[in-house]
1. Please find, among ASN43, ASN27, ASN48, ASN58, the residue that is at positive phi and of a type outside the set (A, V, I, L, M, F, W, C).
2. Could you tell me which residue of segment 18-30 is modelled with the lowest pLDDT, considering only residues that are under 20 Å from LEU84 (Cβ atoms) and not polar (S, T, N, Q)?
3. All but one of (1) modelled with pLDDT under 95; (2) in a helix (DSSP H, G or I) hold for LYS51, so report the exception by its number.
4. Tell me, yes or no, whether segment 21-29 has at least one residue that is surrounded by fewer than 14 Cβ atoms within 10 Å (Cβ to Cβ) and touching a Leu at 6+ places or on another chain (Cβ under 7 Å).
5. Would you check if SER86 is among the small types (Gly, Ala, Ser), at pLDDT 95 or above and not in a helix (DSSP H, G or I)?
6. If a residue has to be among the hydroxyl-bearing types (Ser, Thr, Tyr), closer than 23 Å to GLU79 by Cβ and without any contact (Cβ under 8 Å) to a residue 60 or more places away in the chain to count, how many in segment 4-58 make the cut?
Amino acid sequence: MDIVDKLTESEDSYLFHNQPTRSDAPNYRDIIISPIALKDMKNKSKRNEYKDRAMFENDIALMVSNAERFNGPLNQISEIARELQSRAQALLDKRAGDIETMECVIKMDVAGF
């Protein structure tokens, strides 16, 4: 959740805070099958749905893929999405030890230890 908060604090991330509304992009949901926004990721974090780093990285990658598919890979919005992905990766790398510890705790909890 901390990483999502840091991403939403950057001034260029506002386009990714929430999923586009029909008034913002009327055909978005016709083109994008699995929409995701930073708010969705934060809610998933609150509900402890991320069981490992890869699950979070997959959602970030989905956000980038959606931006590129809807706007085109050379569009500025797609570039912002890739920058957010890069920032997320750097933040994840910085907290790698903590994340690995949490992943171990989750695996032990699932295994019933």
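The values are calculated or read from the model by the stated rules, or taken from the named source; none is laboratory data. Note that the coordinates shown come from a computational prediction; the quantities given were computed from them, not determined experimentally. A quick note on method: Cβ atoms are made from the backbone with ideal geometry, for glycine too, and the neighbour counts reach across all protein chains shown.
1. So the residue among ASN43, ASN27, ASN48, ASN58 that is at positive phi and of a type outside the set (A, V, I, L, M, F, W, C) is ASN48.
2. Of everything passing the filter in segment 18-30, ASP24 is modelled with the lowest pLDDT.
3. Condition (2) is where LYS51 drops out.
4. No, every residue in segment 21-29 fails to be surrounded by fewer than 14 Cβ atoms within 10 Å (Cβ to Cβ) and touching a Leu at 6+ places or on another chain (Cβ under 7 Å).
5. Working: among the small types (Gly, Ala, Ser): yes; at pLDDT 95 or above: yes; not in a helix (DSSP H, G or I): no.
No, not satisfied.
6. Qualifying residue count, segment 4-58: 5.
Residue-by-condition table, conditions (1) more than 16 Å from the chain's Cα centre (by Cα); (2) small (Gly, Ala, Ser); (3) over 15 Å from LEU7 (Cβ atoms):
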residue	(1), (2), (3)
ILE31	yes, no, yes
LYS39	no, no, no
ILE60	no, no, no
ALA67	no, yes, no
ASP93	no, no, no
